[in-house]
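Undergrad: Have a look at the structure that comes next, please.
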Amino acid sequence: MHAHIVHAHPEPSSYNGTLTRTARQALRDSGYAVTTNDLYRTSFDPVERGTHYRDRADVVTFAALNEQRHAWKNDTLPKEIRSEVGNLKRSDLVILQFPLWWHGPPAILKGWMDRVFLNGGLYTSRMRYDTGYFRGKRAIVSVTTGAPEKVFGPGSRGGDFQTMLWPIQYSLHYMGFSVLPPFISFGVQGHGYRYEDDKSLQERLSRNLSDWRSYLMALEDIDPIPFPCWDDWDEHGCALRSRSPEPETQINSCG
Ligand SMILES: Cc1cc2nc3c(=O)[nH]c(=O)nc-3n(C[C@H](O)[C@H](O)[C@H](O)COP(=O)(O)O)c2cc1C
């Protein structure tokens, strides 16, 4: 079994760094081979642009989807992307580790998705969601917050994790991954606002590392988040009424 951790934090000694090292050890203890892509350490360029492609389909106008498709087909992917695709292909489990920055992942991780989830190669119009390239593989989002747990929820001050993690988790689902529930480390208050004294903070964060280890040691017992799949949509991609959520919680434009 292989696990791949995509680590998006600029400081190795941060709590995010400790979470990644904890995950690595727990997974190795469970029999996984583990690779890590530390995006800051490798100076990953998160900005998708024409200069990444040495053999362009169109040298005048840069269209990312077009160039991704062309580079996949002609085996001219940028080397850091080719290597990351290899890591994902060989993995049974992918973990995205990052701090919550402005109610979402840091830009470097969003850019990783922009560049690594390749059009034409890793997804096509029919090869996505439950028919996605990575079906059968699992993914977990592990995120830290500065604010304490009690301020998160619908209408609360910190925001609602259902909506804040929806873009990243739905994109993993789009790529075919079974997305396990996120592991959220709340109130990591090293350098921001303080909500508790040092002793209780250290004890809580240390317990949290044990919880993370336990989570990873029990993966077989954890059900993925239910997301809508092809059987839930009509030929236009609109939700079939018989399968859609209650009308008041539904947001779509299909009438
Ligand atoms: C640019 C930036 C934006 C942030 N936005 C949020 C936020 O939206 N919500 C929150 O709870 N904490 C926010 N924080 C605090 C970080 O989430 C917190 O410092 C981090 O999770 C702590 O983990 P670390 O010690 O490993 O960095 C932000 C921090 C930075 C630097």
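The values are calculated or read from the model by the stated rules, or taken from the named source; none is laboratory data. It should be emphasised that the depicted structure is a prediction, and the values quoted were computed from it without experimental measurement. Quick reminder, even Gly has a Cβ in these numbers, built from the backbone with ideal geometry, and neighbours come from all protein chains shown. Only protein heavy atoms, including side chains, enter the accessible area calculation; ligands, DNA and RNA are left aside. Shrake-Rupley method; radii C 1.70, N 1.55, O 1.52, S 1.80 Å.
Undergrad: Taking Y195, is it assigned to a loop (DSSP other than H, G, I, E, B), open to solvent by 20 Å² or more (accessible area, probe 1.4 Å) and within 16 Å of the ligand (Cβ to nearest atom)? Walk me through it before giving the result.
TA: Values: assigned to a loop (DSSP other than H, G, I, E, B): yes; open to solvent by 20 Å² or more (accessible area, probe 1.4 Å): yes; within 16 Å of the ligand (Cβ to nearest atom): yes.
When the stated conditions are applied, Y195 passes them.
Undergrad: Which condition number does L65 fail, the rest of (1) of a type outside the set (S, T, N, Q); (2) crowded, with 20+ Cβ neighbours inside 10 Å; (3) free of Cβ contacts under 8 Å to residues at least 60 places away in the same chain; (4) out of contact with any Gly (no Cβ under 7 Å at 6 or more places or on another chain) being met?
TA: Against the list (1) of a type outside the set (S, T, N, Q); (2) crowded, with 20+ Cβ neighbours inside 10 Å; (3) free of Cβ contacts under 8 Å to residues at least 60 places away in the same chain; (4) out of contact with any Gly (no Cβ under 7 Å at 6 or more places or on another chain), L65 comes up short only on (2).
Undergrad: Test of understanding: among P228, P224, which residue is in contact with a strand residue (DSSP E or B) (Cβ under 8 Å, 6 or more places away or on another chain), open to solvent by 60 Å² or more (accessible area, probe 1.4 Å) and either within 16 Å of the ligand (Cβ to nearest atom) or not in a helix (DSSP H, G or I) (or both)?
TA: P224
Undergrad: Taking the conditions exactly as written (surrounded by fewer than 19 Cβ atoms within 10 Å (Cβ to Cβ), of a type in the set (D, E, K, R) and outside any helix (DSSP H, G or I)), does R54 satisfy them or not?
TA: Answer is yes for this residue.
Undergrad: Ok, one more. Just to be sure I understand, how many residues within the range 141-155 are basic (K, R) and within 9 Å of the ligand (Cβ to nearest atom)?
TA: 0
Undergrad: Please go through the range 141-160 and pick out each residue that is within 22 Å of L93 (Cα to Cα) and either touching a residue at least 60 places away in the same chain (Cβ under 8 Å) or open to solvent by 30 Å² or more (accessible area, probe 1.4 Å) (or both).
TA: S142, T144
Let's see how each residue does on (1) open to solvent by 10 Å² or more (accessible area, probe 1.4 Å); (2) more than 21 Å from S171 (Cβ to Cβ):
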{"position": "P10", "(1), (2)": "yes, yes"}
{"position": "S14", "(1), (2)": "yes, yes"}
{"position": "R21", "(1), (2)": "yes, yes"}
{"position": "R24", "(1), (2)": "yes, yes"}
{"position": "E48", "(1), (2)": "yes, no"}
{"position": "S91", "(1), (2)": "no, no"}
{"position": "L109", "(1), (2)": "no, no"}
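Undergrad: Output the number of the condition that G187 fails; it satisfies all remaining conditions of (1) away from the ligand (no atom under 14 Å from the Cβ); (2) surrounded by 13 or more Cβ atoms within 10 Å (Cβ to Cβ).
TA: In the conditions (1) away from the ligand (no atom under 14 Å from the Cβ); (2) surrounded by 13 or more Cβ atoms within 10 Å (Cβ to Cβ), G187 misses (1) alone.
Undergrad: Being more than 16 Å from the ligand (Cβ to nearest atom) and over 18 Å from the mean Cα position of the chain (by Cα) is the filter; apply it to the range 28-41 and report the residue that is most open to solvent (accessible area, probe 1.4 Å).
TA: R28
Undergrad: Taking V179 as meeting all but one of (1) free of Cβ contacts under 8 Å to residues at least 24 places away in the same chain; (2) at negative phi, write down the number of the exception.
TA: (1)
Undergrad: List every residue pair whose Cβ atoms lie under 6 Å apart, where the two residues are 6 or more positions apart in sequence or sit on different chains, the first residue falls within the range 1-13 and is in contact (Cβ under 8 Å) with a residue 24 or more places away in the chain, and the second residue, located anywhere, is surrounded by fewer than 17 Cβ atoms within 10 Å (Cβ to Cβ) and among the acidic types (D, E).
TA: As it stands, the answer is M1/D92; H2/D92, since those pairs meet every condition given.
Undergrad: Among the residues of the range 80-119, write down those that are within 16 Å of the ligand (Cβ to nearest atom) and either hydroxyl-bearing (S, T, Y) or part of a helix (DSSP H, G or I) (or both).
TA: Hits for the range 80-119 are A107, I108, L109, K110, G111.
Undergrad: Could you identify the single residue in Y170, Y133 that is outside any loop (DSSP other than H, G, I, E, B), open to solvent by 20 Å² or more (accessible area, probe 1.4 Å) and in contact (Cβ under 8 Å) with a residue 12 or more places away in the chain?
TA: After applying the criteria, what remains is Y170.
Undergrad: Looking at the range 79-101, I want the residues that are small (G, A, S) and have a partner that is open to solvent by less than 70 Å² (accessible area, probe 1.4 Å) with Cβ atoms under 8 Å, at least 6 apart or on another chain. Which pairs are those?
TA: Matching pairs, first to second residue: S91/H2; S91/A3; S91/H4; S91/T35; S91/K137.
Undergrad: Only one of L165, L201 is free of Cβ contacts under 8 Å to residues at least 24 places away in the same chain and within 13 Å of the ligand (Cβ to nearest atom). Can you tell me which?
TA: Testing whether each residue is free of Cβ contacts under 8 Å to residues at least 24 places away in the same chain and within 13 Å of the ligand (Cβ to nearest atom) leaves just L201.
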